[in-house]
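Read the figures in this text as sums done on the coordinates, not as results from a lab. As the structure is a prediction and not an experimental result, all values here were calculated from the model. Virtual Cβ from ideal backbone geometry, glycine too; neighbours counted across all protein chains shown.
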Amino acid sequence: MSFASFGLKPELLKAIEAKGYLEPTPIQSAAIPAILDHKDVMAGAQTGTGKTAAFALPILQHLTNPSTPNAKVQALVLTPTRELAQQVSQSFQHYGQHLPHRTVVAYGGVSINNQLSAIEQGVDIIVATPGRLLDLISRKAIDLSEVSFLVLDEADRMLDMGFIDDIKRILRSVPTSRQTLLFSATFDDAIFKLSQQLLNDPTHIEVDPRNAAASQVEQIAYEVDKNRKREITSFLIGSNNWKQVLIFTRTKKGADDLAKEMCKDGLKTQSIHGDKSQGARERALEDFKNGTIRALVATDVASRGLDIQQLKYVINYELPHNAEDYIHRIGRTGRAGETGKAITLLSADEKWLLDEVHKILDTRLLQQWLPGFEPSLDQDFTASKSKGKNTRRKPSGSRSRRR
Ligand code: AMP
């Protein structure tokens, strides 16, 4: 299948070609025709599957043409984080570069003034986080009364972050006769409930098995003593000569401390989390993308929506408390057909968190020891609530340990 076979406008095909996309990804093949056919869509797709183009291209195709300055907003995309909002708006701008439509992005944590003046110049598509959009609505700075397309991107994350009431308030300003598209990496009862309220006879699309991790990602868990995690992290990166590694910690302080320690190990590292200013986050991300730094340590919220081309390595320095975050984390690698490796550093006290991950993955991770970093004998990795089969493998060269 080719992009041309969807009947997309030549302006869009030109922009797709400039991106170097050879053929649509599975989510694009499934979603683009349905959206072009004016259907509501509920799609299970992780970040990295090409889901942004899956909704941006058909929306751009549908927008009335030509748009007039100060026209009312025609498409509204809600995202959980500012990083994702930026990336989605950049995608709209890129795919729509040969079309006249204007995209504006609005998120909190920065002055509202630039966003107000951007809106004043006319906006066809607004990509926004819920809080800032409500602010704009309450100032009467934006008119959503002619929105024909509503997208909820990473809807599961928006619910996790407690945006449900904000979303309901926003919906009061949006017409009920519209096309609604809901994208979510994971599905649970809350998402289904939301979809029933928002979507009208939706087309269900699921390109990956529900709640399954990206298949091209090799997943490994190294059992290791908690106090040796920093050491094994630097060892893995240094000895394998990995150039671009995204590392996840559970806390902001943990992210800062690890980044500092890794710098002392000679690995250029920065941290990114919610306490950093928007400017600092953007700079860290840019340094990571252009190779100025080798590792980026992130918390879960800060990492949402990060799109780094060809990111090969993700390290879970600590497992998340919310098992679904594991899926989001490892979705940062193995994107759009690339392969990737996701390494979990598992200390004995996190065994129960791994059990939660196993439940959601419906499979078990290979648990190994890395020679030289075998956990000490008093650490019990067997204490597990789960009764599944043990897939732990001991690599040759590692010492045996009594149980
Ligand atoms: P997304 O899931 O929308 O965050 O996209 C993940 C990455 O895949 C982005 O870097 C896109 O530029 C890229 N991408 C999207 N569609 C395609 C395609 N058809 N072929 C190759 N790469 C793509």
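Things worth noting here:
- Summary of packing: across the peptides 240-248, 193-201, 358-366, the per-residue average of other C-beta atoms within 10 Å ranks them, highest first, as 240-248, 358-366, 193-201.
- Among residues other than Leu296 with Cβ under 11 Å from its Cβ, the summed charge is +3 (Lys and Arg +1, Asp and Glu -1).
- Binned Cα-Cα distances of segment 217-387, short to long, each 5 Å bin given as a whole percent: 1, 9, 18, 23, 22, 15, 8, 3, 1, 0
- The length gained on full extension between Ala141 and Trp242, counted as 0.36 nm times the residue separation minus their Cα-Cα distance, comes to 31.7 nm.
- Between Asp165 and Ala280, the distance separating the two model label sites (each 7 Å from Cα on the Cα→Cβ line) works out to 2.9 nm.
- Amide H contacts under 5 Å for Val147, placed H, 5+ residues apart: none
- Using a simple spin-label model with pseudo-atoms 7 Å out from Cα toward Cβ, Glu17 and Leu377 lie 6.9 nm apart.
- Among 344-350, 319-325, 133-139, 1-7, the peptide with the highest mean count of other Cβ atoms within 10 Å heads the list, and the full ranking is 344-350, 319-325, 133-139, 1-7.
- Extreme residue, positive dipole direction of segment 1-133, given options Gln86, Gln97, Pro33 (C-beta unit charges): Gln86
- Hull-based mean projected area of segment 3-206, where the convex hull spans the alpha carbons, in square nanometres: 10.3
- Distant-in-sequence amide H partners of Val77 (H built 1.01 Å from N, under 5 Å): Ile126, Val127, Ala128, Val151
- Taken about its Cα centre, the chain carries a charge dipole of roughly 1020 debye when the Cβ of each Lys and Arg holds +1 and the Cβ of each Asp and Glu holds -1.
- Packing around the peptides 287-298, 102-113, 161-172, taken as the average count of other Cβ atoms within 10 Å per residue, puts them in this order, highest first: 287-298, 102-113, 161-172.
- Estimated FRET transfer efficiency (His321, Lys72; beta-carbon r; R0 45 Å; 0.05): 0.60
- Rounded to 10°, Cα long-axis angle of helix 189-198 versus longest principal axis of the chain: 10
- In the chain, the longest principal axis of the Cα atoms and the axis of helix 229-240 are about 80 degrees apart.
- Calculated from backbone phi, Karplus (6.51, -1.76, 1.60) coupling profile of segment 95-104 in Hz, x at Gly/Pro: 5, x, 4, 9, 10, x, 5, 9, 10, 10
- Summary value for the chain: 17 percent relative contact order, contacts being C-alpha pairs under 8 angstrom separated by 6+ residues.
- Computed from phi, the 3J(HN,Hα) profile of segment 255-269 under the Karplus parametrisation 6.51, -1.76, 1.60 (θ = phi - 60°) reads 5, 4, 4, 5, 4, 4, 5, 5, 4, 5, 6, x, 10, 5, 9 Hz, with x in place of Gly and Pro.
- Placed amide H near Thr344: partners under 5 Å, 5+ positions off or other chain: Ile220, Ala221, Tyr222, Asn316
- The simple spin-label model puts a point 7 Å past each Cα toward its Cβ; for Thr176 and Ala118 those points are separated by 3.3 nm.
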